[in-house]
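Heads up: the structure comes next, in structure tokens.
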């Protein structure tokens, strides 16, 4: 399933064991400092997953966290200069034992989007369908009109049918509000 989800509401979802996202501890100040380090940013390859990026070869934990700030800053810089997010953030309910908020790919993108002031992003959902349907009811969102320029066209389209609004999950949530 593919949907836009609100970052804060994902963290409110009771099913998820590990609350928060992987790089929540990288502050806006850390990202701003990284944005000023043009030499380090030039080493970041935003076209590959972070684990394949050669700038992440250091083993020192402090350097590694700093490199994550550089990767987030490189994404912010790329987006601010007309680049686009090309891939959905991946949530898999079967990964809940090992991944923050069940996100198994996309934490850097989440933090970059948050830094830019966005409250939601495009997600690819997999795992238990009932759980994913409930997550969409709780955290479903749309891309704000003023942020569409950050995303490839196919990420702006919800290519899955909407959740059946007659479902018990949807009805119980609406009745609670």
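The values are calculated or read from the model by the stated rules, or taken from the named source; none is laboratory data. Please read these numbers as outputs of a predicted model, since none were measured by experiment. No Cβ is skipped: glycine too gets one built from the backbone with ideal geometry, and neighbour counts run over all protein chains shown.
A compact table of results
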read-out: Subset tally (residues that are at pLDDT below 90 and touching a helix residue (DSSP H, G or I) at 6+ places or on another chain (Cβ under 8 Å)) for the stretch 4-30; value: 11
read-out: Number of positions in the stretch 43-63 that are over 24 Å from residue 88 (Cα atoms) and surrounded by 10 or more Cβ atoms within 10 Å (Cβ to Cβ); value: 2
read-out: Failed criterion for residue 114 (all others in (1) under 17 Å from residue 12 (Cα atoms); (2) at pLDDT below 95 hold); value: (2)
read-out: Positions within the stretch 20-31 being in a helix (DSSP H, G or I) and under 19 Å from the mean Cα position of the chain (by Cα), in sequence order; value: 28, 30, 31
read-out: Any hit, the stretch 60-68, residues being under 15 Å from the mean Cα position of the chain (by Cα), over 26 Å from residue 153 (Cα atoms) and at pLDDT 85 or above; value: yes
read-out: Positions within the stretch 32-42 being modelled with pLDDT under 85 and not in a helix (DSSP H, G or I), in sequence order; value: none
read-out: Failed item, numbered, when residue 55 is tested on (1) within 30 Å of residue 40 (Cα to Cα); (2) part of a helix (DSSP H, G or I); (3) at pLDDT below 90; (4) in contact with a strand residue (DSSP E or B) (Cβ under 7 Å, 6 or more places away or on another chain); value: (4)
read-out: Condition met for residue 24 (surrounded by fewer than 19 Cβ atoms within 10 Å (Cβ to Cβ), under 30 Å from residue 134 (Cα atoms) and touching a residue at least 12 places away in the same chain (Cβ under 8 Å)); value: yes
